[in-house]
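After the structure tokens below, expect a handful of questions from me.
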Amino acid sequence: MRSRLVKNLTLASLSFLGLLVVIRTLLWSRASLSHSFLESPTQSISGSKHNINLVVYNRVPKTAGTSLVHLIYRLCKRNNVGITMVNISWNGVYLNRFNQLQLVHNISNRHYTRPLLLHGHFAFLDFAQFGSTLQPVYLNMIRDPLERLVSHYYFLRFGDDFRPNVIRKRMNHSGRQQTFDDCVLNGGLDCQPKDLWVQVPFFCGHAAYCRIPGNPEALETAKRRVTEDYLLVGLTEEFDEFVTLLEKLLPRFFQGSTDLLQGSDGWHLRRTKHKLPINASTRAVFRDSRVWQIEQAFYEFVRAEFWTIRNALIHGPRIDLHQISTQVNQWIEQKFFFQRTRPDTVD
């Protein structure tokens with residue numbers, strides 16, 4: 001009787017252990033299944049299987065774009081990425097419809113042996129509109145609109161220290177020595193409120209309504225592009241912040257950028273020659289114009305978006321890569337994870 005009881009207890013114990021093994025196996029299989037179709041959220045961007053093949057940087061003129069692309073040119077071999085520039089005839093920024101199609105077709109059918117950064121002065125181009133399956137990552141950078149125009153005005157007349165021997169558009173003009181303030185007062189070239197209409201149309205795109213100076217509809221489209229199409233839009237005034245974020249978000253392209261800037265002694269900077277500050281009366285003329293109001297609204301919108309993104313990623317003071325600071329900036333370690341994944345099996 002006693003031996004039968006022991007035998008039954010032994011069988012029950014073995015059955016219980018077997019049940020535990022089955023349950024553990026099922027749980028392990030379910031966990032493995034979840035990881036098989038959900039990427040690990042802690043995986044680094046640079047190590048992701050979903051490689052970014054194309055970054056598009058449609059550079060707004062006079063916003064430090066040359067400084068940024070020079071970083072890529074300096075780092076492209078080290079990071080094993082390609083970089084190429086789109087140059088439109090007669091310094092245009094709008095491609096005709098045929099060339100839009102041709103550009104997208106050319107880039108989309110390229111054999112990607114390495115990721116590519118495509119840059120140039122051209123308005124936003126939606127690859128999906130032309131049937132491309134490529135999903136580019138878009139980048140850009142903007143600047144205080146009036147400061148950008150003043151810089152452009154003097155650049156056309158005096159050039160810069162990047163290519164000092166190049167003859168610019170207004171260098172032989174009779175009014176070359178005229179200051180921006182005097183130009184505004186006299187109704188001269190390149191200094192009117194309509195000339196501010198640059199940054200909004202660059203983001204709005206190639207549509208006809210994007211080209212109408214001061215068009216509120218163009219502003220709304222440009223703002224939507226910033227939030228829906230661009231990974232990051234930086235500020236010229238916060239160049240070091242922008243580069244720091246790009247190195248974190250797109251390490252394949254920008255790895256080593258901050259180190260390069262810290263030891264640079266300013267080689268990357270392109271400075272307009274003979275640029276003079278403007279007076280209060282000149283500023284008042286522009287602030288009364290609808291074009292300035294629309295462009296300024298866009299700038300302030302982008303600035304708010306930029307700092308929201310930055311402050312969610314970095315804790316600390318403003319970054320200056322050329323100054324030794326006693327304050328340390330820290331990346332904010334935010335994590336996410338998946339729960340309650342259904343179904344348990346994948347077809």
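When the gyration tensor of segment 54-331 is built from Cα positions, what are the square roots of 5 times its three eigenvalues, in whole Å, from largest to smallest?
Value: 29, 24, 20 Å, ordered largest first.
Using a cut-off of 11 Å between beta-carbons, work out the net charge of the residues near residue 147 (Lys and Arg +1, Asp and Glu -1, residue 147 not included).
Working: positive: 62, 143, 148, 275, 283; negative: 144, 237.
For residues surrounding residue 147, the net value is +3.
Mind listing P(r) for segment 56-142? All alpha-carbon pairs, 10 Å bins, whole percents.
16, 49, 32, 3
Can you order the peptides 53-62, 86-95 by their average number of other Cβ atoms within 10 Å per residue, highest first? Let's see the in-between values first.
Numbers: 53-62: 20.9, 86-95: 12.7.
Per-residue Cβ counts within 10 Å, averaged per peptide and sorted highest first, yield 53-62, 86-95.
Might you report the magnitude of the Cβ-based charge dipole of segment 54-331 about its Cα centre, with Lys and Arg at +1 and Asp and Glu at -1, to the nearest 20 debye? Present the calculation step by step, with values, prior to reporting the outcome.
Numbers: 33 positive and 25 negative charges, 168 e Å.
The dipole of segment 54-331 has a size of about 800 debye.
Using Cβ counts within 10 Å as a stand-in for footprinting exposure, how do 288, 182 rank, fewest first?
Working: 288 10, 182 13.
Ranking 288, 182 by Cβ neighbours within 10 Å, fewest first, gives 288, 182.
So for 253, 306, fewest C-beta neighbours within 10 Å to most, what's the order?
Numbers: 253 25, 306 21.
Ordered from fewest to most neighbouring Cβ atoms within 10 Å, 253, 306 come out as 306, 253.
So what's the net charge close to residue 80: Lys and Arg +1, Asp and Glu -1, counting the other residues with Cβ under 9 Å from its Cβ?
Details: positive: 77, 78, 114, 252; negative: none.
Overall, the nearby charge balance is +4.
Sort 204-210, 125-131 by the packing proxy (mean of other Cβ within 10 Å over each peptide's residues), most packed first.
Numbers: 204-210: 17.6, 125-131: 14.7.
In descending order of packing, they fall as 204-210, 125-131.
Hey, fewest Cβ within 10 Å first, where do 66, 113 land in order? Walk me through the intermediate numbers first.
Values: 66 17, 113 8.
Ascending number of Cβ neighbours within 10 Å: 113, 66.
In addition: Once you've got the Cα coordinates, tell me which of 223/248; 77/194; 248/275; 77/335 are over 30 Å apart.
Numbers: 223/248 24 Å; 77/194 42 Å; 248/275 34 Å; 77/335 32 Å.
Pairs exceeding 30 Å: 77/194; 248/275; 77/335.
Please check which bits of segment 117-144 a label hung off residue 106 would reach, taking the label as a point 7 Å along Cα-to-C-beta and the cut-off as backbone N under 19 Å.
Counting backbone N atoms under 19 Å from the label point, the list is 117-137.
Another question, then. Distance in nm between label sites at residue 332 and residue 274, each 7 Å beyond Cα in the beta-carbon direction?
4.7
Can you tell me how much longer the chain between residue 212 and residue 96 gets when fully stretched, taken as 0.36 nm per residue apart minus their C-alpha distance, in nm with one decimal?
Details: separation 116, 0.36 × 116 = 41.76 nm, distance 1.71 nm.
Value of the extension gain: 40.1 nm.
Laboratory data are not the source of any read-out in this text; all were calculated from the coordinates shown. Every value quoted in this text rests on a predicted model; they were computed, and no experiment measured them. Here Cβ is always computed from backbone atoms with ideal geometry, including for glycine, and neighbour counts include all displayed protein chains.
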